[in-house]
Each structure stands twice: as C-alpha cells, then as structure tokens.
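Some notes on the structure that comes next.
Any read-out appearing in this document is the output of simple, stated calculations on the displayed coordinates, not a laboratory observation. Because the structure is a prediction, the values reported are computed rather than measured. A quick note on method: Cβ atoms are made from the backbone with ideal geometry, for glycine too, and the neighbour counts reach across all protein chains shown.
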Amino acid sequence: MNRPARLLAVSYGGGHIAMVLPVLRALRERMPDLQIHLLALTTARAAAAEFAPLSFGFAELLARWPDADATRHGQRLLASHTHPAVDPAESLAYLGLNWVDLERQHGAEEATQRYAQAGRGAFFPLHTLRRLLADLQPDFVLATNSPRAEQAALQAAVEAGIPNLALFDLFPIENDPYAQRPVLADCTAVVAPAAKAALVRAGVPEQAVVVTGNPAFDGLADPAHAAAALALRARLGWTAKWVVLYAGHAEPAAGPHWPAGTAFPLAIEDTLRDWVAADPDLALVIRQHPNHWHQFQEAWAGRPAHPRVHLSLPDEEPVEHALLAADAVVVQVSTVGVQAEVAGKPVFSMEESPAAHHAGFSWAGLGIATGIHALADLPPALEAARLRRTAPVLVIPTPAAASVAELVLRRLQPAAGS
C-alpha cells in the first residue's frame, strides 16, 4: 500500500521560521495529503504550533532516543543558555544532543575546545539528523541557510539521496559561508537575481539556484496586516504621528566601535528616545530580535515609560504590524531592513554595528538603506526623510511561498510504503 508523501522541514526561529511556515501552508493547500513534519528549533517552537502534532523539537528526540550522556551534558550547559520563550526541557535536549554529537565527531577534548571558542556555533548535529531521517524516512527535506541543525539536515538529506531545498533568506556576503559548505543543498531558493548572481560567483552551480523571493515577506501584502497596523497606530493615539520603527538585536561579537551584547542597540534606542521626546509629532516603536529581546528587559525596566514609545514584543505582536505601522525603519543588519525596503519604507542602517563589520556588508552597501556612520547622524537623517515623506508602495511580485511550494512539488518523490 502506498503511503502519503512525507516532508521534513527544519527551522530555527526569527526570520527562518518566518520563511518556512508560509511555504508549508502553501504546500498543505496544494497537497492536502502531504505529511508535514516540522523540527522547530529553539524559539521556532511556539510559531510552529499550527503544525502540531507533527511539529516537534529536540526534547521529543531525546525522549525518543533516551541518552544519559546527552541529559547530563544538557543539564551542565543549561544554566548559561536559557530563554523565556524556550521550554527548559527543549534547551536541555538541544544542548545535550548537540554536545554528544560534537564529541562523536571530534572527541571529548576537541569538542570542549571548539565549544570554548565558538559556543553553540560549534554545534553541527549531523549524526542526530542522520538518525532522524533514517527514522522518519521523508521524501523531501526543506530548511533555510541557517547553520547547525538546518545545515546538518540538508547535508544528511544529500547523503541519503533525499530531494531537498534550502531557502536563502537575504543577500549573500562576499565569501558567504553558505557557498563554502562541503555539501550544498540540491536547490537553493533566493530573494532576488542579485542574490543568485552572488552565490553563483561564490561557486554555487547556476542551475541549483532559483529566484523565488522570500516567503517571509509575503505577509506584507496581506490586508489583515495592514488593518492591524492602522489599528495599532489608532490604539496608541499615533494616527497623525510620524512613526519610526527600530528593529534591533544584540551584537554577537565586539567590533571596532562597540562591544558585544546590548550596549550598541541600547545606545540606538536612547538616541531615538531623546529625539522623539523633543517633538510631540514623533513616535517610536522598539522591537528587538525574537532571540534577544529578553536581554533588554532589565534596561527597559530602568527607562521611564513614554506615551510615544512602544515596545513591540515578538511573542505578542507580528513584525508585519510594527513594520507597516511605521513611516521609517532603523536597523543594524536585521532582515527587517529588507522587509522595510519591500514595503516601500525608508531604511537606515547603523554602520557602526559590529555585526555589519564582521559580516563585511551593510544594507546601505546593497542600496537598500541609507548608511548612518555615527549615532549623532541618525536624527538629522530621519528628519530629512520626514520632510520628503511619500506614500509607501509595495514592491512584492508574485507570492514567494507559492513559488517555493511549486519547486518542492516538482522535486517531491512520493514514497511507496506499506
């Protein structure tokens, strides 16, 4: 007896799960009998609830494959890796199974050294994903260009001869790590022709790269999001205000001008807060990355509430609401900068960001944003944009999720099971 076709999607949170979910919805609509299994990692778990009971995390994997060493290492590492949006049991399992995998690949001594140098960036749970594919026997594997578990899923799929596709979120940087991977996905879907050209220059075969757009941006054209954005402005009493969205993140490493952590994004926040406080016609939305916002809670608690400053929390408010409610957007290297460009908003990128320095690129360099090279330059640049305000025009072509879903369906090979 033939069984229904089975797809495994693997995704971390933030912009990655935001790309994957629209594609899964499009696949479910086009192929209702497709079994969609979703390994939702870390902060992606809450967003994946609509695909329960076939959405799961590392906690379910550890329950399926009890491992005393993984549990012990997970408990050891858990104290320094907690997140309010992630169940501690999931963090324990993720850390423990990754550590055991790291030791299996490199030995205990080298695993310890790699973790000391790179933290969770040292993780690459290839054996874990190989085991999952052997258990689940999917007919297709979908992931994004994120490293660690997503990369491991794609490599395991290639090794097993399972058709697969990677969603590349934005624009590749020079010598992009994705292009340097020893094993690449069968097909990579990218946001724009310039992204395809960059990957091809970096050595990815041209026939393996397809321009589809980014499915995470499809929601910008959803009338429900536009209505919610207007409602947000009305609820805050900002209907006639000029609203700036700052979409920030903690800096993962120190740069020439700023340390790692929250110092630089908080300095950006404070610059914008002072600017807004001085003009009753201005308002500010602050939104930190879904994986980082909890790191700002103490600092936020120490700053006085202001009627024209709104904290947009990722677990309470979709990013589309905050973005469409704004008249201009400030970022470091957040993907929200590209979303804002697609939505027709003026974008300002903070060029002193250590993340931009280490990545070797900025949205300004790609023509997406106006580059701001010092904090003091930000308010005047925003004032200039305010004076030349224009009505935003969405530049979304056909929905990217539908394009990616068609790619998957063309490559999907339904299995015959018994």
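Here are some notes:
- For the chain, averaging the sequence separation of C-alpha pairs within contact (under 8 Å, six or more residues apart) and dividing by the residue count gives a relative contact order of 16 percent.
- For R201 and A376, a Förster radius of 35 Å and the Cβ-Cβ distance give a FRET efficiency of 0.40, rounded to the nearest 0.05.
- Cα gyration tensor, region 120-195 - rounded (a/c under 1.5), prolate or oblate: oblate
- Cα shape, region 316-373, gyration tensor, a/c 1.5 rule: prolate
- Computed E for A116/N2 - FRET, C-beta separation, R0 60 angstrom, nearest 0.05: 0.75
- The modelled label-to-label distance between L230 and D270, using points 7 Å beyond Cα along the C-beta direction, is 3.9 nm.
- DSSP bridge orientation in the chain - percent antiparallel, rounded to nearest 5: 0 percent
- Measuring r between the beta carbons of A63 and R388 and using R0 = 41 Å, the FRET efficiency lands at 0.10.
- Separation in nanometres of the label points that stand 7 Å from Cα toward Cβ, at A134 and E159: 1.0 nm
- Built amide H within the under 5 Å cut-off of V210, gap 5+: T188, A189, V190
- The chain - mean residue ellipticity at 222 nm from DSSP helices (-39,500 (n - 2.57) per run, n ≥ 4, rounded to 500): -12500 deg cm²/dmol
- Other-chain or far-sequence residues with amide H under 5 Å of N164's (modelled H): V141, D186, C187
- For region 218-387, the share of DSSP beta bridges that are antiparallel, to the nearest 5, is 5%.
- Length gained when the stretch H127-D279 is fully extended (0.36 nm per residue, less Cα-Cα span): 49.0 nm
- When the Cα gyration tensor is reduced to axis lengths a ≥ b ≥ c, the ratio a/c is 1.5 or higher for region 26-93, and with a/b not above b/c it is classed as oblate.
- Rounded tilt (10° steps) of 400-411 against the dominant C-alpha axis of the chain: 10 degrees
- Spin-label model distance (nm) - H257 vs E50, 7 Å beyond Cα toward Cβ: 3.9 nm
- The alpha carbons of region 218-387 give a radius of gyration and a Dmax of 14.9, 43 Å, in that order.
- Cut-off 17 Å, label 7 Å out along Cα→Cβ of Q105, residues of region 1-34 by amide N: 11-12
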